[in-house]
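Here the structure comes first, spelled out in C-alpha cells, and everything after it is commentary.
The values are calculated or read from the model by the stated rules, or taken from the named source; none is laboratory data. Not measured: the values here are computed from a predicted model. Virtual Cβ from ideal backbone geometry, glycine too; neighbours counted across all protein chains shown.
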Amino acid sequence: MMQNEKFYFIQTYGCQMNQSDSEHYAGQLEELGYHQTDELSMADVILLNTCCVREAAEDKTLGKIGELKHLKDQNPDLIIAVTGCMAQEWQDRLFKRAPHIDLVIGTHNIHTLIDLIKERQQKKEHYLASDMHEPAFHELPAKRFQKFFAWIPIMNGCNNFCTYCIVPYVRGREVSRPVQAVVEEVRRVADAGYKEITLLGQNVNSYGKDLSSHDDFASLLRAVDEVEGIERIRYMTSHPKDMNYDAIDAIAECHKVVNHMHLPIQCGNDGLLKKMNRGYTVDHYMDLVEYARKRIPDLVLTTDIIVGFPGETEEMFMDTLQFLKRCQYDMAYTFMYSPRTGTPAASMEDQIPQEVKSSRLQRLMDVQNVYSLKKNQAMEHHVYDVIVEGPTKNDMNHWFGRTTGNKMIIWENDGSAAIGDTVPVMVDKGQTWVLKGHIVHESNV
C-alpha cells in the first residue's frame, strides 16, 4: 500500500436506486484518486447513502452516524458525508444532531460530491447540497459494484403520493432520461462485459410521460432489447395504475426482457386501496394479471402487501387473503404498516394495534407460503439457465444463481462454473424460498 493512497468507504441503505446512486458516488471518488476499502478505520472519506422509507431505517442510520464520531475524533481530516433520501429530508438538522458530519447531499445533488470534498478540504466547515430544482440526472462516472449485472436508472421521482409513502417528498417529481441516453449506457455496460441490466425507477410504468418525444416504457424496452451483448433485461418497480397492455406486449415480445414481473398490489380491498391513494381497483389489477399470464405463459409474478394499514378491518384483511388465493403469486414481500412521519397515513384515525398487525402478517404468510412452495415444487426436474452469482453467504461450497424468473437455485459447487457464467441447472427440490439443484453437464444431457 502506497503511503499517500487515499481510501473511501460507502455504506448503502435502502432500495436499488440507492445502490445505483452509490456507484455514481464511488465513480466520483475514484476520479479524485480514492480507492475503495471495506475497513472503516482506513477510510479518508466515509459516505452513508441513506433511506427514510421507514423510521426504523432512519434510526439505524442515526446509530451508525453516532458510531463514526470516535473515528472523527481520532482523525479530524476524515470527511463524513450523509447522502440520499434521509439527507434530503433532514438537511441541516443532521449537522445539529451530529456535528461531526461534514457533508449532507440530497437526492438531486449527487454530482456535487467532488466540488464539496474539495471545498471541505480547504475549509473545515459543514456543506449542504439539497436543491431539488437541480436536474435529476447528470453524466457521471460510475464504479460498478457487481461483476455481471448493472443498474440502469431510467427515471427519478414519483408523482403518485401514496398516503403511506415519503418517497415523493424526498425524490421529487418524475423525471425521465431520454431513450437514447439509456440505450447508450446499456451499450457501454454491454461492451464492458455485463450480461444483465435492471432498468430502475420509482415507477417505471410512467416512464416518458414528461418527455416531448412521446416515448413510453414499452418503446424503451423495445429499444434496449436491440442492444447486442445483453442477455437479460429486468425492470423495477412497476405500478398497477400505470401498467398497461402495451407494456405487457413489449415484455412478452422482447427476447431479452425477463419473465419476472413484480407488481405491488398492497392490499386486496378497494376501500383500503382508495385510502392508500393507489389509483386502481382490485378488478383493474386482476385484469392486468390475467392479460400478462395470457401473453407470458411462464410469467413469474411477485408482489408487495401491507397489513395493518389504518382503518383495516378484519373483513378488509380477509379480502386480501382471498385475493392471495385468487392471484396465487410466486412470492409476496409482506410488511406490517408502520407510521411514517410526514405522510397523511401517519395521522389517520383507527391505527391498528401492533398485536393485530403481527397476527395478520403471520396469517398472510401462512397462505402465501402454500403457493410459493407449490410453484417451486412444480419446477422440479426441469432445467433452467442461471447466471452464476457465486457462493452462498453461509457455505462457500454451495453456489447460487437466478433464473430469468428471479428464482434462486443453489447447487453444490463442482468447480465447473465461474461467477458470471450462464449455466443450465436442474432443479432437484423446490422449497418455499429457494430451489436446490445441480449443474447439467453436456455428458448428462
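Summary of computed values
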quantity	calculated
Which listed residue, of Gly208, Gly268, is without any contact (Cβ under 8 Å) to a residue 40 or more places away in the chain, in contact with a Ser or Thr (Cβ under 8 Å, 6 or more places away or on another chain) and farther than 23 Å from Phe148 by Cβ	Gly208
Residue within segment 234-257 that is at pLDDT 95 or above, aromatic (Phe, Trp, Tyr), outside any helix (DSSP H, G or I) and under 20 Å from the mean Cα position of the chain (by Cα) present	yes
Some residue of segment 301-315 being surrounded by fewer than 17 Cβ atoms within 10 Å (Cβ to Cβ) and closer than 22 Å to Arg234 by Cβ	yes
Selected residue (only one of Glu119, Glu139 is among the acidic types (Asp, Glu) and under 22 Å from Gln16 (Cα atoms))	Glu139
From Leu48, Leu29, residue being more than 16 Å from Ile114 (Cβ to Cβ), at pLDDT 95 or above, surrounded by 18 or more Cβ atoms within 10 Å (Cβ to Cβ) and of a type in the set (A, V, I, L, M, F, W, C)	Leu48
Residues that are over 19 Å from Glu125 (Cα atoms), touching a strand residue (DSSP E or B) at 6+ places or on another chain (Cβ under 9 Å) and in a helix (DSSP H, G or I), drawn from segment 61-85	Thr61, Lys64, Cys85
Flag for Tyr235 being touching a Leu at 6+ places or on another chain (Cβ under 9 Å), crowded, with 18+ Cβ neighbours inside 10 Å, closer than 23 Å to Arg293 by Cα and among the hydroxyl-bearing types (Ser, Thr, Tyr)	yes
Test for Phe161: is it at positive phi and either outside any helix (DSSP H, G or I) or small (Gly, Ala, Ser) (or both)	yes
Residues located in segment 326-385, provided they are among the aliphatic types (A, V, I, L, M) and either over 16 Å from Ile409 (Cα atoms) or touching a Cys at 6+ places or on another chain (Cβ under 9 Å) (or both)	Ala332, Met336, Ala345, Ala346, Met348, Ile352, Val356, Leu361, Leu364, Met365, Val367, Val370
Residues within segment 322-363 that are surrounded by fewer than 18 Cβ atoms within 10 Å (Cβ to Cβ) and assigned to a helix (DSSP H, G or I), tallied	13
Residues of segment 422-445 that turn out to be in contact with a Leu (Cβ under 9 Å, 6 or more places away or on another chain), outside any strand (DSSP E or B) and surrounded by 14 or more Cβ atoms within 10 Å (Cβ to Cβ), as a count	1
Selection status of Ile409, under 19 Å from Arg232 (Cβ atoms), assigned to a strand (DSSP E or B) and touching a residue at least 40 places away in the same chain (Cβ under 8 Å)	no
Any hit, segment 32-52, residues being among the small types (Gly, Ala, Ser), touching a residue at least 12 places away in the same chain (Cβ under 8 Å) and on the phi > 0 side of the Ramachandran plot	yes
Positions within segment 32-45 being crowded, with 18+ Cβ neighbours inside 10 Å, part of a strand (DSSP E or B) and not hydroxyl-bearing (Ser, Thr, Tyr), in sequence order	Val45
Meets criteria (under 24 Å from Gly401 (Cβ atoms) and polar (S, T, N, Q)) for Thr163	no
Flag if Arg188 is in contact with a helix residue (DSSP H, G or I) (Cβ under 6 Å, 6 or more places away or on another chain), in the same structural domain as Met286 (by TED's automatic domain parsing), assigned to a helix (DSSP H, G or I) and surrounded by fewer than 21 Cβ atoms within 10 Å (Cβ to Cβ)	no
Segment 192-233, residues that are among the charged types (D, E, K, R) and part of a loop (DSSP other than H, G, I, E, B)	Lys195, Lys209, Asp210, Asp215, Asp216, Glu226, Glu228, Glu231
Any hit, segment 123-142, residues being more than 30 Å from Lys96 (Cα to Cα) and surrounded by 19 or more Cβ atoms within 10 Å (Cβ to Cβ)	yes
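Rundown of residues vs (1) assigned by TED's automatic domain parsing to the domain that holds Met318; (2) surrounded by 15 or more Cβ atoms within 10 Å (Cβ to Cβ), yes/no style:
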position	(1), (2)
Asp366	yes, no
Gln377	no, no
Asp395	no, no
Phe400	no, yes
Ile410	no, yes
Gly415	no, no
Gly420	no, yes
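Let's see how each residue does on (1) surrounded by 15 or more Cβ atoms within 10 Å (Cβ to Cβ); (2) of a type outside the set (Gly, Ala, Ser):
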residue: Ala57; (1), (2): yes, no
residue: Thr61; (1), (2): yes, yes
residue: Gly66; (1), (2): no, no
residue: His70; (1), (2): no, yes
residue: Lys96; (1), (2): no, yes
residue: His100; (1), (2): yes, yes
residue: Ile105; (1), (2): yes, yes
residue: Ile110; (1), (2): yes, yes
